[in-house]
Amino acid sequence: MNILVVGLSHKTAPVSIRERVAFPPTAMEKPLHEMRALPSINEAVIVSTCNRVELYATSNQPDVGIHQLKSFFASYHGMDLEELESHLYDYQGADAIRHVFRVAASLDSMVIGEPQILGQIKTSYGYAVDFKTVGLILNRFLHKAFSVAKRVRTETNIAGNAVSVSFAAVELARKIFGTLDGKKILLIGAGEMCELAARHFLNNGASSITVTNRTFDRAQKLADEFQGRALPFEEFTESLHQADIVLTSTGAPNFILTEPKVQEVIRKRKNKPMLFIDIAVPRDIDPKVNKIDNVYLYDVDDLQGVIQANLKGRQKEAKKAEQLIEQEIGKFHDWLSSLDVKPTIVQLRRRLQEIQQVELAKTFGNLQNLGAKEKKAIEAMTNAIINKVLHRPTCILKGGHGGEPGDNFVDPVRVLFDLPAISADDDMRSLETTGD
Amino acid sequence: MIMNVLFFKITLLIYFVSTVLYLLTVIRQRETAERLGFWVLTGGFVVHCITLVVRYVESGYAPLTNLHESLSFFAWALVGIFLLVELRYRMAVLGAFACSLALAAMIISGISPKEVNELNPMLDSWWLPVHVTLAFLGNAIFAVSFGAAVMYLLQERMLKSKKFTAFYHRLPSLEALDDLNYKCLSFGFPAMTMGIISGAVWAEAAWGTYWSWDPKQTWALITWFLYAALLHGRLNVGWRGRRAAILAIIAFLCLFFTYLGVNLLLPGLHNFNALEGM
């Protein structure tokens, strides 16, 4: 049994292609069933996000399977395969496992370490569960991928430092103030960026938000949203000294805060530190303000600089994550290769023969005066029992049962008879020759 | 007689290990190393306490009279203060600094003559432990505040210039460092003040004069004025952050000179050798 991956991502396809092959989340049943119905495909999962569209499947004929998946991918969206082919990648076996683990751990994301992708794969898997297109292998596989992603997240610092403007601002504030608990925020201007940043500050413990804007109504509206206070624009400088963190994003053509003004404010605050985040272009705050003691001013470019540095840090962490994933691939691959029908039948027979040998030795030990003839008869009888017991399981493993393929019974059988996992290095041929 | 030296060597070794652990924490960012470093250092501190007690028993007087004893006691106070700080603030970088400083003091102490000499009769007074303990408590606390101030300035510069090195993520917040600096000042200053006063009272008892403008006294007074100015600035003028950190650094350098520079460079009553010759 082989795991297959066919798909495209932001790395191989422009958005003009990605948007044409996306699967809308509201209509997943049809594509999942059609994919599952492909003759070479046993299980199906479709992951569709704005940065990637991928098909995960299992198949006994990997090469045929990949071809059918590609054709399905193109024809489902009414495209020619030739047009799509150059954007598609495909993986099987260990490469497929590696790819999905990397995607889930956010190593393949546009922003390395971003957390959304894991949730998106979970949702996609949820559809496949709802529409019953996943079985034993993809179930186990995706759960493994989720736990690998979690391990990567906790054991490396891949999601450690902020890579968005608003998180970078929160992180800076933490570096200055230690904790954000009880800190007061002043929003000057009601831009979208400011609003987002303010929300992050509130979520991280800031106590209150005051909003001021040239049109008072908008300030009031935004203040209501944050359960804060609105301030007429003309009056904000008077209460500036009460704010610990100031976010500005007005459309003003000139500086609305100058060095002497902030100097005055900081004196009024007895030098308690202040953080100014100026997201406006053109800038709202005179850059000279940064020279004042205990005042820290960051504009958009400064924040971008912080983000770039953090991204570099994430790339370093990603290297650690890759190593971690390699370990996990080995483990999963071992489990997967033990799922093949043939070695399972061989192992099952061997397991029963082991029991037979032990019990025979015990019985013969107790019954000392048995002749060679009697011993032979008892052996033949126990052989017959083994064959009878094994007949039905062997048939089902080989030919399937109740519409389910034999592969699906491999794992239950292995659990019931406690068969040890076959490691990938084991010589499978030696098993085959001794068995059948 | 040899017991205290044996314990001293064990202490030195443990301090070495904890210094390595704390440096590892800072360089490689390993949290386990930090926790381990803390417990190893705590163990070293306990052994150090035993060292001091054993030396006291073996010599019969408070072991605070020569360079060996003095530096060992300073390291002991520094480690003790740092452990207290670490309980509350968890600052691995400060640990690397405090451990290195304590280790350096221990090494110099280790290569200084360690024999127990006959106690100079002039020092044979219970003012000796009182005066020296208070003074050294102040020294150790101000050493911690010096470390915090350096860390503050490093980080402040990075935040202002917006150029961050890998070190940036290992530093505690500015607020925590400034707070630590202030706490150190508010405990270190009374200790130092009482150290000076107890010294003056002892001087009156021993030599009949409170103040004789001995170089140590003069420098201690200069240092005291610097810290007094810093405390005043913080309490009444609203100094904090960078300015307070710079002054804490200057004052500590002055204190450092008062402690070692005066003894080693200038002749006077506090000179270890001078006392022996009297």
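Worth pointing out:
- In summary, the aspartates and glutamates within cross-link reach of residue A:183, defined as a Cα separation below 15 angstrom excluding same-chain residues under 8 places away, comprise A:171, A:244, B:175.
- Phi-derived couplings, Karplus 6.51 cos²θ - 1.76 cosθ + 1.60 at θ = phi - 60°, listed residue by residue for segment A:149-156: 4, 5, 4, 4, 5, 8, 9, 10 Hz, with x used for Gly and Pro.
- With all protein chains modelled, accessible area of residue B:184 [1.4 Å, Å²]: 10
- With a threshold of 26 Å on the Cα-Cα distance, the over-threshold entries among A:221/A:291; B:162/B:183; A:221/B:162; A:122/A:221; A:132/A:398; A:312/B:160 are A:221/A:291; B:162/B:183; A:221/B:162; A:122/A:221.
- Amide H contacts for residue A:230 (H built 1.01 Å from N in the peptide plane; partners 5 or more residues away or on another chain; cut-off under 5 Å): A:211.
- Average other protein chain Cβ within 10 Å of Cβ, residues A:174-180: 5
- Shape class of the protein assembly as shown from the Cα gyration tensor (axes a ≥ b ≥ c, square roots of the eigenvalues): oblate, since a/c reaches 1.5 or more and a/b does not exceed b/c.
- B:91, B:3, reordered so the largest accessible area comes first (probe 1.4 Å): B:3, B:91
- Shape class of segment A:165-307 from the Cα gyration tensor (axes a ≥ b ≥ c, square roots of the eigenvalues): rounded, since a/c falls below 1.5.
- Against the criterion of solvent-accessible heavy-atom surface with a 1.4 angstrom probe, A:1, A:274 sort, most first, into A:1, A:274.
- Gyration tensor (alpha-carbon) shape descriptor, segment B:1-119, a/c threshold 1.5: prolate
- Label point of residue A:372 set 7 angstrom out along Cα-Cβ; within segment A:331-359, no amide nitrogen lies under 18 Å from it.
- Taking Cα atoms only, the orientation of helix B:31-59 departs from the longest principal axis of chain B by about 0 degrees.
- Computed E for residue B:167/residue A:238 - FRET, C-beta separation, R0 35 angstrom, nearest 0.05: 0.30
- With Cα atoms, 0 to 90° folded angle of helix A:165-177 axis to chain A main axis: 70
- Helix axis angle, A:116-130 relative to chain A longest principal axis, alpha carbon, degrees: 40
- In a fully extended conformation the segment linking residue A:358 and residue A:320 would gain 8.8 nm over its present Cα-Cα distance, using 0.36 nm per residue.
- Inter-probe distance in nm under a simple model that places probes 7 Å from Cα toward Cβ, at residue A:268 and residue A:29: 6.4
- Accessible surface ranking that places the most exposed of A:106, A:239 first, with a 1.4 angstrom probe: A:239, A:106
- Within 10 Å of the Cβ of each residue in B:156-168, the mean number of Cβ atoms contributed by other protein chains is 4.
- The calculated 222 nm mean residue ellipticity attributable to helices in chain A amounts to -17500 deg cm²/dmol, summing -39500 (n - 2.57) over DSSP H runs of n ≥ 4 and dividing by all residues.
- Between segment A:377-404 and segment B:234-255, the alpha-carbon centres lie 87 Å apart.
- Lysines whose Cα lies under 21 Å from that of residue A:70, excluding same-chain neighbours fewer than 8 positions away: A:11, A:30
- For residue A:20, distant residues with modelled amide H under 5 Å away: none
- Hits among aspartates and glutamates - C-alpha to C-alpha of residue B:114 under 18 Å, sequence gap 8 or more where chains match: B:58, B:69, B:276
- For segment A:186-192, the Karplus equation 6.51 cos²θ - 1.76 cosθ + 1.60, evaluated at θ = phi - 60°, returns couplings of 10, 9, 10, x, 10, x, 5 Hz by residue, with Gly and Pro reported as x.
- A simple rule links phi to the HN-Hα coupling: the Karplus curve 6.51 cos²θ - 1.76 cosθ + 1.60 with θ = phi - 60°, which for segment A:273-284 gives x, 9, 10, 10, 10, 10, 9, 7, 10, x, 5, 8 Hz, with x for Gly and Pro.
- The packing ranking, built from the mean of other Cβ atoms within 10 Å per residue, places the peptides A:305-312, A:371-378 in the order A:305-312, A:371-378, highest first.
- Packing-based ranking, highest mean first, of B:254-261, B:116-123 given that Cβ atoms within 10 Å are counted: B:254-261, B:116-123
- R0 of 60 Å, Cβ-Cβ distance residue A:342-residue A:311: FRET efficiency to nearest 0.05: 0.80
- Applying 1/(1 + (r/R0)^6) with R0 = 60 Å to the Cβ-Cβ distance of residue B:228 and residue A:11 gives a FRET efficiency near 0.40.
- Each peptide in B:160-167, A:321-328 gets a packing score, the mean of other Cβ atoms within 10 Å over its residues, and the list from highest to lowest is A:321-328, B:160-167.
The values are calculated or read from the model by the stated rules, or taken from the named source; none is laboratory data. Because the structure is predicted, anything quoted here is derived from the model rather than measured. Quick reminder, even Gly has a Cβ in these numbers, built from the backbone with ideal geometry, and neighbours come from all protein chains shown. Note: areas computed on protein heavy atoms with side chains; ligands, DNA, RNA excluded. Shrake-Rupley method; radii C 1.70, N 1.55, O 1.52, S 1.80 Å.
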